[in-house]
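> One structure, as structure tokens, below. Some questions next.
Taken together, the values in this text are just the output of simple stated rules run on the coordinates, not laboratory data. It should be emphasised that the depicted structure is a prediction, and the values quoted were computed from it without experimental measurement. Reconstructed Cβ throughout: ideal geometry from the backbone, glycine too, with neighbour counts over all protein chains shown.
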């Protein structure tokens, strides 16, 4: 029996509410991804809404900045998505995660 060389990616449950979660937004092609700093989840694709429309320009201008984010987590086909309700740009630079 073959063993998996990698652990399955961790996910948050649908409906999980995020409050003041620190992290970084990054443009990924036509979409935006959120990389939370202190959660077990590596990344979440951000769902399009008015909040995302307003922050996309700031994300493009302020690369590598830390944000405080509120929102609700969604799940689809084994992947987490984030519906942002509020995002505040902080003065803190992004802290690098330690790689395993």
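> In the stretch 14-32, which residue that is surrounded by fewer than 18 Cβ atoms within 10 Å (Cβ to Cβ), on the phi < 0 side of the Ramachandran plot and free of Cβ contacts under 8 Å to residues at least 40 places away in the same chain is farthest from the chain's Cα centre (by Cα)?
Among residues in the stretch 14-32 that are surrounded by fewer than 18 Cβ atoms within 10 Å (Cβ to Cβ), on the phi < 0 side of the Ramachandran plot and free of Cβ contacts under 8 Å to residues at least 40 places away in the same chain, the one farthest from the chain's Cα centre (by Cα) is 30.
> Mind checking which pairs have a first residue in the stretch 56-70 that is at positive phi and a second that is not in a helix (DSSP H, G or I), Cβ under 6 Å, 6 or more apart or different chains?
64/94
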